[in-house]
1. Counting only residues that are touching a residue at least 60 places away in the same chain (Cβ under 8 Å), more than 14 Å from chain B (Cβ to nearest Cβ) and of a type in the set (A, V, I, L, M, F, W, C), how many does segment A:125-184 have?
2. Under the condition of being among the small types (Gly, Ala, Ser), part of a loop (DSSP other than H, G, I, E, B) and out of contact with any Asp or Glu (no Cβ under 7 Å at 6 or more places or on another chain), which residue from segment A:129-172 is surrounded by the most Cβ atoms within 10 Å (Cβ to Cβ)?
3. Which one is nearest to A:PHE104 (Cα to Cα) among residues in segment A:255-269 that are open to solvent by 20 Å² or more (accessible area, probe 1.4 Å) and touching a residue at least 40 places away in the same chain (Cβ under 8 Å)?
4. Here are the criteria: (1) open to solvent by 20 Å² or more (accessible area, probe 1.4 Å); (2) more than 10 Å from A:ILE107 (Cβ to Cβ); (3) in contact with a helix residue (DSSP H, G or I) (Cβ under 7 Å, 6 or more places away or on another chain); (4) within 14 Å of chain B (Cβ to nearest Cβ). Tell me which single one A:LYS213 does not satisfy.
5. What do you reckon, is B:PHE98 under 23 Å from the mean Cα position of the chain (by Cα) and outside any helix (DSSP H, G or I)?
6. Working only within segment A:91-113, note down all residues that are open to solvent by 10 Å² or more (accessible area, probe 1.4 Å) and not aromatic (Phe, Trp, Tyr).
7. Listed residues B:LEU22, B:LEU58, B:LEU30; which is farther than 18 Å from B:LEU161 by Cα and crowded, with 16+ Cβ neighbours inside 10 Å?
Amino acid sequence: MKLFLKGLVAAGLSLCASLSAAETIVVASTTSTDQSGLFAHLLPAFEKASGVKVKVVALGSGQALDVGRRGDADAVFVHDQIAEEKFVADGFGVARVPVMYNDFVLIGPATDPARAAGRDIVAGLAAVYSAKADFVSRGDKSGTHAAELRLWKQAGLDPASEKAKWYRDTGSGMGPALNTAAAMNAYVLSDRATWLAFKNRQNLKIIVEGDSKLFNQYGVMLVNPKKHAHIKAQPAQRFIDWLVSGEGQAVIASFRINGEQLFFPNARK
Amino acid sequence: MSLLVDSAAEAIRMVASADGKLLEIAVLSLRVSATATLIAAIIALPIAAWVAQTRSALKTPVVVVLNACMGLPPVIVGLVVYLLLSRSGPLGALGWLFTPSGMIFAQTVLITPIIAALARQTLEDAQIEYRDLFASLGLSRWQSLVTLLVETRFSLLVVLLAGFGRAIAEVGAVMMVGGNIAGETRVMTTAIALETSKGELALALALGMVLLAIVLVVNGFAHWGKMWIGRRYG
C-alpha cells in the first residue's frame with residue numbers, strides 16, 4: 001500500500017512536471033537508436049542545454065517517416081537515405097541533415113554452415129543463397145530491410161520474390177527478428193547498434209563486417225510546418241541544430257556499449 | 001527452467017527495491033486501464049440495460065453485434081484510433097496521439113463491447129429468474145431494471161473485472177496509439193514487448209510476473225470489497 005501511494009505521488013509529480021515543461025517535441029525514430037540506448041544517453045544533455053523535452057517514438061524507418069508524413073511528429077530521425085530524400089522531395093520534410101553513421105553486420109550461426117564469413121557482404125549473401133541456409137528478413141520496410149534488399153540486388157539474387165523456403169520474411173522489428181534468428185540458428189542482417197545491445201544471442205555471432213557496402217547513414221529532418229501548421233518548428237529545429245553542433249556530435253561519439261563506439265558523427269560542417 | 005528462476009528472482013528484486021521506473025510504468029498501466037474500465041462501464045451498462053429489457057426488432061442484431069465485438073482485435077482498434085487521433089485524422093486537433101488520453105480512448109473502445117455484452121446476458125438471465133416476483137410487486141419495466149442492476153451487482157463487478165483484465169493485458173492498441181514513449185506512455189505490456197525485442201528475456205518475464213501480481217491484487221481488492229459489502233448490507 002505504501003508502495004502504491006509512493007507510486008501515485010511519483011505519477012502525480014511527473015504529470016505536473018510534464019505540464020510545466022516549457023516545450024515538448026515528438027521525434028519519430030528507429031528502434032536501433034532507441035533500443036541501443038543512444039537516446040537515453042543523448043537526450044538528457046540536449047534537454048539540459050535547451051530546456052526542450054523530447055518524446056521519442058521508436059519505429060521502423062518506413063513507419064517513422066509515415067508518422068512524420070501524417071504530421072504526428074515534429075522531426076524524423078532515421079536511416080534510409082532513399083526514402084528520406086523522397087520524404088523531402090515530396091515536401092513533407094524541410095531538409096535532410098546527415099548526423100552520424102554506423103554499419104550493418106551479417107549475423108549468423110557461429111558454425112557458419114553456409115561459409116559466408118569474410119569482408120565481402122555480396123559474396124556472403126551469395127553463399128547463404130547457394131547453401132539455402134535459413135535467413136531471417138525484417139520484411140517491414142525499415143531502413144535495415146531496405147538495405148538488405150539493396151544488397152541482395154547487388155548480388156544479383158532475389159530470394160524474396162522467389163519465395164524461397166529458407167528465406168523467412170518475418171515482418172518484424174530488429175529485436176524480434178534477432179530473437180527469431182537466434183531460435184532458428186539463422187542468418188540475419190542487423191545494424192551493429194541493436195546487435196551490440198542485444199542479449200539473447202544463443203549461438204549467433206558476426207559473420208560479415210567491414211564492407212563499405214554495409215555503411216549505414218542516419219539523417220534527421222524537420223517535418224514541414226507548411227504541411228502541418230501545428231509542428232513545433234522552432235524547438236524541433238533547435239534539436240536538429242544541436243545534433244549537428246560540436247556538442248551534439250561529441251555526445252554521439254561518446255556513447256559506448258562495453259567500450260565499443262556505436263555511432264560515428266559525420267554531420268557536414 | 002533457469003530462465004524462470006532468474007525471472008522470478010528479478011521480479012521479486014524489482015518489487016522489493018521499489019524500482020522508481022517500474023512503479024511509474026505500473027501506475028500508468030493501472031491509471032490507463034482503470035480509467036478506461038470506468039468510462040466503458042458508464043457507456044456499456046446503460047446499453048446493456050436497454051438491450052436486456054427492449055422488445056424492439058433491433059434487439060437480435062444488436063446482441064449479435066455486441067457479442068461479436070468482444071472479439072475485436074486490439075491491433076485493429078489501435079490502428080483505427082491511431083488514424084482518428086492522427087493530426088491528419090478527424091480528431092487530430094485533440095492532440096491525443098502518443099498520450100495516455102489516447103491510450104484510454106483506445107482501451108475504452110476495446111472493452112465497451114465486452115462489458116456491454118456480458119452485462120446484457122447477466123441482466124437478462126436475472127430477469128427471467130425475477131420476472132414473476134416483479135410482476136406480483138407490480139413494478140414497472142424501469143423499476144424492475146434498477147432492482148435488477150442492484151441485485152446483480154456482484155456479477156456485474158466480475159464483468160467489469162473481465163473488461164479491466166482485457167484492457168491491462170492488451171499490447172497492440174496501446175503500442176500503436178501510445179508509442180511506448182519512455183516516461184510518458186510506456187505501460188507494463190509495451191515494456192514487456194520492448195525488453196523481449198532487446199533479447200532481455202529474463203527481465204521481460206519478470207515484468208510479466210509483476211503485471212500478473214498487479215492484476216491479482218486488483219482482483220483481491222475487488223473480492224474483499226464484495227465480501228465487505230456483503231457482510232455489511234447482506
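The values are calculated or read from the model by the stated rules, or taken from the named source; none is laboratory data. Remember, predicted model here, so these are calculated numbers, not experimental data. All Cβ positions, glycine included, derive from the backbone under ideal geometry; neighbour counts span all protein chains shown. Please note that ligands, DNA and RNA were not included when accessible areas were found on the heavy atoms of the full protein model with its side chains. Shrake-Rupley method; radii C 1.70, N 1.55, O 1.52, S 1.80 Å.
1. So the count comes out to 3.
2. A:SER142
3. Per the stated criteria, the residue is A:PHE264.
4. The single condition A:LYS213 does not satisfy is (4).
5. Working: under 23 Å from the mean Cα position of the chain (by Cα): yes; outside any helix (DSSP H, G or I): yes.
In short, yes.
6. Initially, segment A:91-113 is screened for residues open to solvent by 10 Å² or more (accessible area, probe 1.4 Å), giving A:91-92, A:94-98, A:101, A:103, A:110-113.
Listed by number, the residues that qualify are A:GLY91, A:VAL94, A:ALA95, A:ARG96, A:VAL97, A:PRO98, A:ASP103, A:ALA110, A:THR111, A:ASP112, A:PRO113.
7. B:LEU22
Residues are listed down the side, and each one gets a yes or a no for (1) closer than 25 Å to B:PHE164 by Cβ; (2) without any contact (Cβ under 8 Å) to a residue 40 or more places away in the chain:
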{"residue": "B:ALA16", "(1), (2)": "no, yes"}
{"residue": "B:GLY71", "(1), (2)": "yes, yes"}
{"residue": "B:LEU85", "(1), (2)": "yes, no"}
{"residue": "B:PRO90", "(1), (2)": "no, yes"}
{"residue": "B:THR99", "(1), (2)": "yes, no"}
{"residue": "B:ALA116", "(1), (2)": "yes, no"}
